[in-house]
Amino acid sequence: IKALEQLYALGALNDRGELTKLGRRMAEFPLDPQLSKMIIAAETYGVVSEIITIASMLSVNSAVFYRPKEKATQADVAHKNFFSPLGDHITLLSVFNQWQDSGFSNNWCFENFVQFRSMQHARNIRDQLEALLERVEIAQSSDSNNLVGIAKAVTAGFFYHTARLSKGGSYNTIKNSMTVQIHPSSSLHESAPKWVIYHELVFTTKEFMRQIIEIQPEWLVEIAPHFYKPKEILDGLDGQASQRRMPR
């Protein structure tokens, strides 16, 4: 039932449980529906190239970096050089673009403690997604400086996965009020943004959000007004949210 609810919330199903035109477009991609919706939404923001890269990197997920025990410090420094203050999706985009600039070099991966096999897998997925764009009637576009557009496209696919910082330093998911934490490997682990969207939850000693990006709460009402009501989101703001570093 939850999967059907998500498909309905994403606009892939209508009230009768039938595939919509958007749902048929989403089904063309061999991806989770949320990633498919993210790619289709990217056309609105002119960041299709960036989003198919992010989608391909999310598909190999936690297998991008490695950290050998004997070189843990060097690996940590190398990985932090990729970190973006806006979140892990931008970090993954940066890793792929820099690898591409190196000519898809195996040696570059070795020097930066990045899994070459994972990157090859991500490149293959990206090539498949790029080939599907024409069939789904999505025009190619690219704007690597439009970080807000990239974050909004992610929001369009993953608004279901929103969490808000609570007073104790943990996070509460918006719809089911679960207590979750930012995964220690995240680029946002030490910055504690007020509102985030996560790619997935993983449970070890606690429930961790993995692959997260900072968002503005107003975007939820803008992008998913059928799912989030202004009162639900905006009434809880403490007056500081609109002063965050990320523009609207």
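The values are calculated or read from the model by the stated rules, or taken from the named source; none is laboratory data. On a predicted model such as this, the values are computed, not experimentally measured, just so you know. Cβ: placed from backbone, ideal geometry, glycine included. Neighbour counts: every protein chain shown. Heavy atoms of the whole protein, side chains included, go into the accessibility calculation; ligands, DNA and RNA do not. Shrake-Rupley method; radii C 1.70, N 1.55, O 1.52, S 1.80 Å.
One line per residue, one yes/no per condition, for (1) β-branched (Val, Ile, Thr); (2) free of Cβ contacts under 8 Å to residues at least 12 places away in the same chain; (3) within 27 Å of SER144 (Cα to Cα); (4) surrounded by fewer than 23 Cβ atoms within 10 Å (Cβ to Cβ):
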| residue | (1), (2), (3), (4) |
| --- | --- |
| TYR8 | no, yes, no, yes |
| ASP15 | no, yes, no, yes |
| MET26 | no, no, yes, no |
| ALA42 | no, no, yes, no |
| GLU50 | no, no, yes, no |
| GLU70 | no, yes, no, yes |
| GLN74 | no, no, no, yes |
| LEU86 | no, no, yes, yes |
| ASN97 | no, no, yes, yes |
Would the stretch 84-101 turn up any residue that is part of a loop (DSSP other than H, G, I, E, B), within 27 Å of ILE215 (Cα to Cα) and not aliphatic (A, V, I, L, M)? yes
Name the strands (runs of 3 or more DSSP E) wholly inside the stretch 134-188 in which the number of residues that are more than 13 Å from GLY87 (Cβ to Cβ) and open to solvent by 60 Å² or more (accessible area, probe 1.4 Å) is 3 or more. none
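Limited to the stretch 125-140, what total is found for residues that are under 17 Å from PHE96 (Cα atoms) and touching a residue at least 60 places away in the same chain (Cβ under 8 Å)?
Selection size over the stretch 125-140: 5.
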Given (1) more than 15 Å from LEU31 (Cα to Cα); (2) free of Cβ contacts under 8 Å to residues at least 12 places away in the same chain; (3) more than 17 Å from the chain's Cα centre (by Cα), ASN145 misses just (3)
Between a first residue in the stretch 208-231 that is within 16 Å of ALA41 (Cα to Cα) and a second residue that is open to solvent by less than 10 Å² (accessible area, probe 1.4 Å) and in a loop (DSSP other than H, G, I, E, B), which pairs have beta carbons less than 8 Å apart while being 6 or more apart in sequence or on different chains? LEU220/PHE159; LEU220/TYR228; VAL221/TYR228; ILE223/PHE159; ALA224/PHE159
Anything in the stretch 60-114 that is over 16 Å from the mean Cα position of the chain (by Cα) and hydroxyl-bearing (Ser, Thr, Tyr)? List them, or say none. TYR66, THR73, SER102, SER105
Taking the condition in contact with a strand residue (DSSP E or B) (Cβ under 8 Å, 6 or more places away or on another chain), among the aliphatic types (A, V, I, L, M), in contact (Cβ under 8 Å) with a residue 60 or more places away in the chain and under 20 Å from ARG117 (Cα atoms), does LEU92 pass? yes
